[in-house]
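Notes to accompany the following structure.
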Amino acid sequence: MADPMRIRASMAGDKVEVRVLMSHEMETGLRKDASGALVPAHFIQNVTVTHAGKTVLSAQWGTSISKNPFMHFRFKGGKPGEKVTISWVDNKGERRSDEAVISGG
Amino acid sequence: MPFHRLPAAVLVGVLAATLPCICAAQQDTQKEIERYRQLLAEGNPADLFEARGEELWKTPRGPKKASLEQCDLGLGAGVLKGAFAQLPRYFADTDRVQDLESRLVTCRVTLQGIDPAEATRNPFSAPGRPSDMEALASFVAGQSRGMKLAAPLRHEKELEAFRVGEQLFYRRAGPHDFACVSCHGENGKRIRLQELPKLTDPHDAQKIFTTWPAYRVSQGSVRTMQHRLYDCYWQMRHPQMDYTSEASIALEVFMAKYANSGEIQAPGLKR
């Protein structure tokens, strides 16, 4: 199981501003290890953000995203005290889902 | 007819025309790097290491099934806040000067009963092989964020470590005839785009020494001050700097003197 994400969600005017740090190796599949063997690709493929039962962000990622990725976005319609849920699935089928409570601006 | 002179004259003209552009470009590059760092700083992945370090700190582990919560980092058993701001320092129980990492090793050995060789087996992580030491160091350092560095320099052994560190800093050796001072003795030096701090100048030292441990984007991991020294020694082609060795701590005591009263911004974020 991957380490938990670090999520900060707060009001910025009438929008919710979300910052997420994910813990993931994000292997490109091009790197070789010490013995010269290729390290298999291992990366987050799909990211989904939901709020109040609605998907507010959906992203398809690839190998060009850095290790331990950081994502920053805003969406409309959230209020302090409500929850934002972020989940990812990687190319090996591993998944992680975390949620955060929106704090006041 | 001095035909052969013409290309030279043309070249001088071209140089004169491009020089201001190069300077402007360099300033722009510097600004862009600053901007890039600011963008990165909003999402410092060192946060992830701090979180893992906190978990490791609080979880009972080792043969004694104990957590590290009773670890004495210099301000008494279990005091975390501000402890990092007063390291390295002399510890009476071990009768030596210790830095953060060597003290963490001591606690893992005495409190948790972990074998000393095991406690120092994996100090620097590699992809797929995370290091507990990097996570623990990040967590403890983060507990002193915003405080001013005040590493003591009073005890006889602290003073001795300072003198040893001073010798090591200035003494050139190895196949490249290098010393720390070769790179860190002048203001305004850099390797490619990486500025080199003058470590004996408080202005530089206060800004740099206080940002370790730091997440290194190029390495995808938090690196500690011990790793910085290990890498510097490798770059100088000196014999390997052993983890938490007396020599490494002496150099830290030396650097801390000039960095004292700088604000701790650890764990930081670096290229």
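The values are calculated or read from the model by the stated rules, or taken from the named source; none is laboratory data. None of the values given here were measured: they were computed from a predicted structure. Glycine gets a Cβ as well: all are built from the backbone with ideal geometry, and neighbour counts include every protein chain shown. Note: areas computed on protein heavy atoms with side chains; ligands, DNA, RNA excluded. Shrake-Rupley method; radii C 1.70, N 1.55, O 1.52, S 1.80 Å.
If you scan the range B:209-259, which residues turn out to be under 23 Å from B:Met147 (Cβ atoms) and either open to solvent by 40 Å² or more (accessible area, probe 1.4 Å) or in contact with a Cys (Cβ under 8 Å, 6 or more places away or on another chain) (or both)?
B:Arg228, B:Leu251, B:Lys257, B:Tyr258
Residue under question is B:Tyr258, and the condition is that it be under 20 Å from B:Ser144 (Cβ atoms) and in contact with a Ser or Thr (Cβ under 7 Å, 6 or more places away or on another chain); does it hold?
On the way: under 20 Å from B:Ser144 (Cβ atoms): yes; in contact with a Ser or Thr (Cβ under 7 Å, 6 or more places away or on another chain): yes.
Here the answer is yes, as B:Tyr258 does meet what is asked.
What is the number of the single condition among (1) open to solvent by less than 70 Å² (accessible area, probe 1.4 Å); (2) in a helix (DSSP H, G or I) that B:Pro152 does not meet?
Condition not satisfied by B:Pro152: (2).
If you take the residues of the range A:74-95 that are part of a strand (DSSP E or B) and open to solvent by less than 60 Å² (accessible area, probe 1.4 Å), which of them is farthest from A:Gly29 (Cα to Cα)? Explain how you work it out, then say what you get.
We begin by selecting, within the range A:74-95, every residue part of a strand (DSSP E or B); these are A:74-76, A:83-90, A:95.
From the residues that got through so far, the ones that are open to solvent by less than 60 Å² (accessible area, probe 1.4 Å) too are A:75, A:84-90.
On the way: A:Phe75: 33, A:Val84: 32, A:Thr85: 29, A:Ile86: 25, A:Ser87: 23, A:Trp88: 19, A:Val89: 17, A:Asp90: 13 Å.
Per the criteria, the residue is A:Phe75.
Just to be sure I understand the filter: pairs with C-beta atoms under 7 Å, separated by 6 or more residues or on different chains, first member in the range B:26-54 and facing another protein chain (nearest Cβ under 10 Å), second member assigned to a helix (DSSP H, G or I) and open to solvent by less than 30 Å² (accessible area, probe 1.4 Å). Which pairs pass?
Listed pairs, sorted by first residue: B:Ala46/B:Ser138; B:Phe49/B:Glu134; B:Phe49/B:Ala135; B:Phe49/B:Ser138; B:Glu50/B:Ser138; B:Glu50/B:Phe139; B:Glu50/B:Gly142; B:Arg52/B:Ala135.
How many residues are over 25 Å from the mean Cα position of the chain (by Cα) and buried (at least 17 other Cβ atoms within 10 Å of the Cβ) when one looks only at the range B:68-80?
Within the range B:68-80, residues that are over 25 Å from the mean Cα position of the chain (by Cα) and buried (at least 17 other Cβ atoms within 10 Å of the Cβ) number 0.
Of all the residues that make up the range A:42-53, how many are free of Cβ contacts under 8 Å to residues at least 40 places away in the same chain and either within 13 Å of chain B (Cβ to nearest Cβ) or polar (S, T, N, Q) (or both)?
Initially, the range A:42-53 is screened for residues free of Cβ contacts under 8 Å to residues at least 40 places away in the same chain, giving A:49-53.
Still in the running and either within 13 Å of chain B (Cβ to nearest Cβ) or polar (S, T, N, Q) (or both): A:50.
Total meeting the criteria: 1.
I need a count of the residues in the range A:1-41 that are within 11 Å of another protein chain (Cβ to nearest Cβ), assigned to a strand (DSSP E or B), in contact (Cβ under 8 Å) with a residue 24 or more places away in the chain and open to solvent by 30 Å² or more (accessible area, probe 1.4 Å).
Counting residues in the range A:1-41 that are within 11 Å of another protein chain (Cβ to nearest Cβ), assigned to a strand (DSSP E or B), in contact (Cβ under 8 Å) with a residue 24 or more places away in the chain and open to solvent by 30 Å² or more (accessible area, probe 1.4 Å) gives 3.
Return only the number of the condition from (1) open to solvent by 50 Å² or more (accessible area, probe 1.4 Å); (2) in contact with a strand residue (DSSP E or B) (Cβ under 7 Å, 6 or more places away or on another chain); (3) of a type in the set (A, V, I, L, M, F, W, C) that A:Ala52 does not satisfy.
Unmet condition: (2).
Might you check whether a residue that is polar (S, T, N, Q) and touching a residue at least 60 places away in the same chain (Cβ under 8 Å) occurs anywhere in the range B:196-208? Explain how you work it out, then say what you get.
Of the residues in the range B:196-208, the ones polar (S, T, N, Q) are B:200, B:206.
If we keep only those that are touching a residue at least 60 places away in the same chain (Cβ under 8 Å) as well, we get none.
No, there is no match, as no residue in the range B:196-208 is polar (S, T, N, Q) and touching a residue at least 60 places away in the same chain (Cβ under 8 Å).
Tell me, please, whether a residue that is free of Cβ contacts under 8 Å to residues at least 24 places away in the same chain, of a type in the set (S, T, N, Q), assigned to a helix (DSSP H, G or I) and open to solvent by 40 Å² or more (accessible area, probe 1.4 Å) can be found in the range B:90-110.
Yes, that holds for at least one residue.
Sort through B:Ala161, B:Ala119 and tell me the only one that's buried (at least 19 other Cβ atoms within 10 Å of the Cβ), touching a strand residue (DSSP E or B) at 6+ places or on another chain (Cβ under 8 Å) and hydrophobic (A, V, I, L, M, F, W, C).
Result: B:Ala161 is the single residue among B:Ala161, B:Ala119 that is buried (at least 19 other Cβ atoms within 10 Å of the Cβ), touching a strand residue (DSSP E or B) at 6+ places or on another chain (Cβ under 8 Å) and hydrophobic (A, V, I, L, M, F, W, C).
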